[in-house]
Amino acid sequence: MPPVGDLWTLAPELWLAALGLILLGVDLLVGQGSKRAVGWVAVGGLLLALLPTGGLAASLQGGARRIFFDTYAVDGFAIFFKVLALLATALVILASTDYFRAAAQRPEDASRFEGEFYALLVFTSLGLVLMAASADLILLALSIELVSLTSYVLAGYLKGNPRSNEAGLKYFLFGAAASALMFYGFSILYGLTGTTSLYVIAQKVAQVPRPALMVSLALMLAGFGFKISMVPFHQWTPDVYEGAPTPVAAFLSVGSKAAGFAVLLRVVAVAIAPSGLDVVTLVAVLSAVSMFLGNLLALPQRNIKRMLAYSSISHAGFILIGVAAFGGPFGNSGLLVYLFTYMFFTLGAFFVAALIGARLGSDEIPDYAGLSQRGPGLAFLMALFMLSLTGIPPTAGFFAKFYIFAAAIERSPALLWLVAAGVINSVISLYYYVGVIRAMYLLPPADPTPIRGPSALRAALWITGAATLLLGLYPQPLIVFARTASLLLP
Amino acid sequence: MLSLMLFLPLAGGILLLFFRNPRAIRGIALGASLLSLYVAVVLLGRFNPRGGMQLVESATWIPSVGISYTVGLDGLSLPLVLLTQVLSAVSIVYSWRVELRLKEYMFLLLLLQTAMLGVFVALDFFLFYIFWEVTLVPMYFLIGIWGGPRKEYAAIKFFLFTLVGSLAMLVGILLLYFHAQPRTFHVLSLIQQQPLARDLRLATIAFWGFFLSFAIKVPMWPFHTWLPDAHVEAPTAGSVILAGILLKLGTYGFVRFSLPLFPQVFQQYAHLIAILALLGIIYGALVSMAQMDLKKLVAYSSVNHMGYVMLGVAAAAAAYGQPAKAAAATTALNGAVFEMVAHGVITGSLFMIVGVIYDYRAHTRGVNEFGGLGALLPVYTGITTIAMLASLGLPGLMGFVAEFLIFLGSFGVFPALAATGLVGIVITAAMFLWTIQRIFLGPPNPRWKGLLDLDTRELVALVPLVAAMVIFGLYPRPLLEIIDTAMAAVVAALR
């Protein structure tokens, strides 16, 4: 029986589980027309969960701990991802409340299950939190499955829309295959070391036979790569993003990706790296391939969600630079800084796409023509997000790229080629991101009626926009936060 | 004070977003620009020509990474700051009649002004890089929205080309940062430390990173292909700023960063870079001569003139480590910096001159379509002739002083290369004289009978620039004194 005191450190997780159940209860009580109330409760509850998380961070001064027989990590790294998952989920739910109202006007997109949607998102966010903190293969497998199962349902949420059904089914089939491979990798790793604890594996991994370890790593990478949409496990991304409800696509590209990276880093850097395998080169190659493939395939896209999907693949490549550069003051926190800033401008871009999609009923980039006159604020924010995705100062995206390039250069001059690949890819990506700006600002509008966003979605947009600009101009607090978080990663 | 000057235009730009009345928007734009110019003049009064870096303002910004907000002025940046201020104000005056999306237009011009000023005064590489990149965005929109028929192509080409260079420079900056002890982005402390002096392999990588960025901006042959497109398609004010100031960002970078930070590597490749500069000089002049479009003609003459600047910089680099050639190197650098200012003033006015005839009068830029304009538009002809003669380097005007100093200096370092460059001057002279002949002389073309001469607004924009060409052509000393202190310091550090 674990000590009761350990339960207190689980306060955020317990509260999230309770919140999900509360939402299901609230959903029973409110009428069909006012399901948004469930969303508001969810946002409030998620923000409330930041309190125990903050308390946990404050109580952590002494250093990292592991509870429940070494299966669950309580360290700055896990807390960082708790904050990230909570913020991302809250923003996505904030944006969803309006998305559903707008979608209800189109019969094929109407959903009778709005209340459950928010509960599912909260449960997914619980899964993300658990993923980032798992220090044991079994808990890892369970939390990944929790995230996957809820995500499959969310991707196929618009039952009347065939594309959404296609997205759900595709995501499920790919996901199930990736999970199966990953579990096989887990079992090999267990067979080699005789333990499921990542930290015990780290001590024993140097003595195990190399070929078997490599097979295990490759199989596990299939599972993690699926979650972070890394090449060659990326094929599902464009179809799922295109078909899924836009807020869900936003959530997958930020939440699942971040948690996937947390797991990847914990497994690769903690458990596998001591074996002496050349993990850095492997990750660097995967990073370069993801960047190039994602960017080159994004170039011809006309659908904004498909374009953002390929951009998400290329950003996975950029974040992998941070994994390759792990070690050293920049390298340890590079991934965290990138993921945190990436959350805001990616969510923002998806929110604009959601708003336009709901208003115009189209996700085609040419239909963004003249947006600067139809909705100046909206166009400005979208331009900001696009420049941030490219990495043009003074946006958060620039600082993230700057920081992650610095991490690679600091790590070793041998990674200069990877930085060069990143530079080339930034330039390639400019072309398709500016394509959106071009449509909004350079082309005349087909129909000059103004576009106004509903209030909750607008609030979510301005929050992400302000964060994009502020984190670009004054990233100091974020660096401090990320550095303390990475210091505690044992 | 310096920061006030720096952010005044941006503040004005944000303020005017809240207004609807076109008169108010124009007034705020011009007011903010002029106020910033006024502060610059006050700073000029406080500037000590014999001092080094001065009027420095510093604040902590992102201490965990060693980034600070530091700005300052010296003899290299001050003339370029003044040039920026004058050309920006003049561009706003010239753009008085713009009506299409006026608010965005003025906002972008003011944002651009702050960004350009920032590049010249920033003394922290992170800050410098932010301003450097921010210049791209407004220019992209200025070309893309208010440009000519092929505006979209020109705008994205400009953006892509310069971004390649910028990111290469970012890698160079990071290499410097990680080899400094303690790690810092502070420019002066990096110059003092010479962090890459011990590792020539990395220094070479970093040098070429910086080189790519600056060479694309200058633009040096063979990186110049974005320039004719961007210049021709940009609206007149955009061309003025592009040619007058943005090209100087590149040469400024060479003098401010490449020369003091990587002297050994720069010397190693100085002859190669001088040859590229010569190719730019001769190629620019020849291609310019072949142009039928007046705007393209002026654009290619920029490639030629920026070649002179690079020749002077390369001469200074080649003289590294040879105290005997220090005097020649200083002269060449003085000429190069003087040419930056001169080219800004001269080519800025030439683009406006083209705009005067194209935007509001003839709506054509074909050199051969005119003829005999001299009798019809006497004031316009006079101003154009002075500007073109200044551009071809006629003694008594600003261009001559610059080119004379450049060739004088580089002759002392590499005589053969310098002598080859003189060919360019001859071609440029022929080109401009032939242009004057085709447009203003000969029998009047009856098609242009109804054209009006310059109006007040155009005179307000053009006369100060032409006056500067004559004044600094006859009496360059005050300007040269400011430049010389800074350049002597650069060369002294190189010895």
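Each value in this text was obtained by applying a stated rule to the coordinates, not by laboratory testing. Values in this document were obtained by computation on a predicted structure and should not be read as measured data. No Cβ is skipped: glycine too gets one built from the backbone with ideal geometry, and neighbour counts run over all protein chains shown.
Applying the set (1) loosely packed, with under 15 Cβ neighbours inside 10 Å; (2) hydrophobic (A, V, I, L, M, F, W, C); (3) within 14 Å of another protein chain (Cβ to nearest Cβ) to residue B:67 leaves exactly one unmet item: (1).
Find the residue count for region A:430-489, including only residues that are more than 14 Å from chain B (Cβ to nearest Cβ) and in a loop (DSSP other than H, G, I, E, B).
The qualifying residues number 10.
Number of residues in region B:169-189 that are among the aromatic types (Phe, Trp, Tyr) and in contact with a Pro (Cβ under 9 Å, 6 or more places away or on another chain) equals 2. Counting the residues of region B:36-64 that are within 14 Å of chain A (Cβ to nearest Cβ) and either crowded, with 22+ Cβ neighbours inside 10 Å or in contact with a strand residue (DSSP E or B) (Cβ under 7 Å, 6 or more places away or on another chain) (or both) gives 3.
For region B:213-225, what are the residues that are within 13 Å of chain A (Cβ to nearest Cβ) and either over 17 Å from the mean Cα position of the chain (by Cα) or farther than 26 Å from residue B:66 by Cα (or both)? Let's see the steps before the verdict.
Applying the first criterion (within 13 Å of chain A (Cβ to nearest Cβ)) to region B:213-225 yields B:213, B:216.
Within region B:213-225, B:216 is the sole residue that qualifies.
Under the condition of being facing chain B (nearest Cβ under 7 Å) and free of Cβ contacts under 8 Å to residues at least 24 places away in the same chain, the residues counted in region A:417-429 number 2. Residues in region B:477-493 that are out of contact with any Ser or Thr (no Cβ under 7 Å at 6 or more places or on another chain), crowded, with 21+ Cβ neighbours inside 10 Å and over 16 Å from residue B:47 (Cβ atoms): B:490 only. Quick check on region A:204-220. Is at least one of its residues in a loop (DSSP other than H, G, I, E, B), surrounded by fewer than 22 Cβ atoms within 10 Å (Cβ to Cβ) and touching a Ser or Thr at 6+ places or on another chain (Cβ under 8 Å)? There is at least one residue in region A:204-220 that is in a loop (DSSP other than H, G, I, E, B), surrounded by fewer than 22 Cβ atoms within 10 Å (Cβ to Cβ) and touching a Ser or Thr at 6+ places or on another chain (Cβ under 8 Å).
All of A:66, A:112 fail the test of being outside any helix (DSSP H, G or I), among the basic types (Lys, Arg), surrounded by fewer than 18 Cβ atoms within 10 Å (Cβ to Cβ) and out of contact with any Leu (no Cβ under 9 Å at 6 or more places or on another chain), apart from A:112. Residues that are touching a residue at least 40 places away in the same chain (Cβ under 8 Å) and more than 27 Å from the chain's Cα centre (by Cα) were ranked within region B:187-202; the one that is surrounded by the most Cβ atoms within 10 Å (Cβ to Cβ) is B:196. Residue check: is residue B:371 within 23 Å of the chain's Cα centre (by Cα) and of a type outside the set (A, V, I, L, M, F, W, C)? Spelling it out, it is not the case that residue B:371 is within 23 Å of the chain's Cα centre (by Cα) and of a type outside the set (A, V, I, L, M, F, W, C). Of all residues in region A:384-407, those satisfying the criterion of being over 19 Å from the mean Cα position of the chain (by Cα) and either within 16 Å of residue B:175 (Cβ to Cβ) or within 9 Å of another protein chain (Cβ to nearest Cβ) (or both) are A:387, A:392, A:393, A:394, A:402, A:405, A:406, A:407.
Select from region B:455-467 the residues that are of a type in the set (A, V, I, L, M, F, W, C), surrounded by fewer than 21 Cβ atoms within 10 Å (Cβ to Cβ) and in contact (Cβ under 8 Å) with a residue 60 or more places away in the chain and list them in ascending order. Step through it out loud before you land on a result.
Of all residues in region B:455-467, those of a type in the set (A, V, I, L, M, F, W, C) come to B:459-463, B:465-467.
Those left that are additionally surrounded by fewer than 21 Cβ atoms within 10 Å (Cβ to Cβ): B:459-460, B:463, B:467.
Those that are of a type in the set (A, V, I, L, M, F, W, C), surrounded by fewer than 21 Cβ atoms within 10 Å (Cβ to Cβ) and in contact (Cβ under 8 Å) with a residue 60 or more places away in the chain: B:459, B:460, B:463.
Just to be sure before I move on: is residue B:184 under 21 Å from residue A:331 (Cα atoms) and either within 13 Å of chain A (Cβ to nearest Cβ) or surrounded by 17 or more Cβ atoms within 10 Å (Cβ to Cβ) (or both) in the structure I sent? Yes; evaluated as a whole, the condition is true for this residue.
Among the residues of region A:366-382, those identified as surrounded by fewer than 21 Cβ atoms within 10 Å (Cβ to Cβ), assigned to a helix (DSSP H, G or I) and within 14 Å of another protein chain (Cβ to nearest Cβ) are A:366, A:373, A:376, A:377, A:380. Only one of the numbered conditions (1) more than 8 Å from chain B (Cβ to nearest Cβ); (2) closer than 30 Å to residue B:61 by Cβ; (3) surrounded by fewer than 21 Cβ atoms within 10 Å (Cβ to Cβ) is not met by residue A:410, and that is (1).
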